[in-house]
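The values are calculated or read from the model by the stated rules, or taken from the named source; none is laboratory data. All values derive from a computational prediction rather than experimental measurement. Cβ: placed from backbone, ideal geometry, glycine included. Neighbour counts: every protein chain shown. These accessible areas exclude ligands, DNA and RNA; they are computed on the full protein's heavy atoms, side chains included. Shrake-Rupley method; radii C 1.70, N 1.55, O 1.52, S 1.80 Å.
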Amino acid sequence: MATVHAHLDEPLSEATATLRLVAAEQNWSLAEGKSGNGVLVFRRGVSALSWGSEITVRLLEVAPSDTRLEFKTHELWAITDWGRGRRQVGKLLDALGASPD
């Protein structure tokens, strides 16, 4: 499990839309039942290389054109992720153009 903080130079509504688009492009599914106001939860299912992963993102508007992001990773069926969660978040941050804190 990893926690990563970052900020994105976009208003909250745009940051939310951008994050949803980028996550979908990287094969993350939105867990709508777990997502809500200011929180998006993305999942990947079990595959030959993974027991399933989940990323919870909290979005907080800190200025009209600046959004703070907090990513928390979780492996669904493993005790540790061996750093994979942090790498997955890094890929999302790179595609978003977000700056890690």
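The apolar share of the surface of the chain, taken as the fraction of accessible area on carbon and sulfur atoms (1.4 Å probe, ligands and nucleic acids excluded), comes to 54 percent.
Placing +1 on each Lys and Arg Cβ and -1 on each Asp and Glu Cβ, with no other charges, gives the chain a dipole about its Cα centre of roughly 420 debye. Each peptide in 24-32, 90-98 was scored by the mean count of other Cβ atoms within 10 Å over its residues; highest first, the order is 90-98, 24-32. Each label point was placed 7 Å from the Cα along the Cα-to-Cβ direction; for Ser29 and Ser99 their separation is 3.6 nm. Excluding Val22 itself, what net charge comes from residues whose Cβ is under 13 Å from its Cβ, given Lys and Arg +1 and Asp and Glu -1? Summing Lys and Arg as +1 and Asp and Glu as -1 gives -2. Binning the C-alpha pair distances of the chain at 5 Å intervals from 0 yields a P(r) profile of 2, 14, 26, 26, 18, 9, 4, 1, 0 %, listed from the shortest bin outward.
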